[in-house]
Amino acid sequence: MKIEDVFSLYKDLPEYAGIDLDSVKRVSLFGDYPINVAATRGSVREMSALFISGADLNTPGEHGYTPLHNAVEQGNVDAVRWLLENGADKSLLNSAGETPADLANILCETLIGSILNSC
């Protein structure tokens, strides 16, 4: 997947309505970056294209969520694994003071919690 394909997909999402999405550093109306959106969607292909194009895997978006927080919140196991394999920092806190592992515990995401605790 090319970065242009990701931008084309995202231009129709509510968070990018009216925004010229032309950079991995473009903030959405909700305060997220494209990498946060990809992690929320659980798309490893989209995250990979964004990462190759310079996206920071530890960028905090809305509520201070890093892409890892976003993937955990949505139960996206493959996205969690990919983020960890590519250097996402699992110790970062969101605005509520929670690590991704804390969030997994709160949401009863036991598989994701075990993945986070085994790395």
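The values are calculated or read from the model by the stated rules, or taken from the named source; none is laboratory data. Everything numeric here is computed off the predicted structure, so don't read it as measured data. In this analysis, Cβ positions are derived from the backbone assuming ideal geometry, glycine residues included, and neighbour counts consider all displayed protein chains.
Residues that are exposed (fewer than 14 other Cβ atoms within 10 Å of the Cβ) and modelled with pLDDT of 95 or more: list the helices (runs of 4 or more DSSP H) wholly contained in the range 13-108 that include at least 2 such residues. Lay out the reasoning, then the answer.
Working: elements: 34-41, 44-52, 67-73, 77-85, 100-106.
Those helices (runs of 4 or more DSSP H) span 44-52, 77-85.
Return the only residue of ASN105, ASN76 being out of contact with any Cys (no Cβ under 7 Å at 6 or more places or on another chain) and within 23 Å of MET1 (Cβ to Cβ). Steps first, please.
Working: ASN105 fails: within 23 Å of MET1 (Cβ to Cβ).
Every option except ASN76 fails the conditions.
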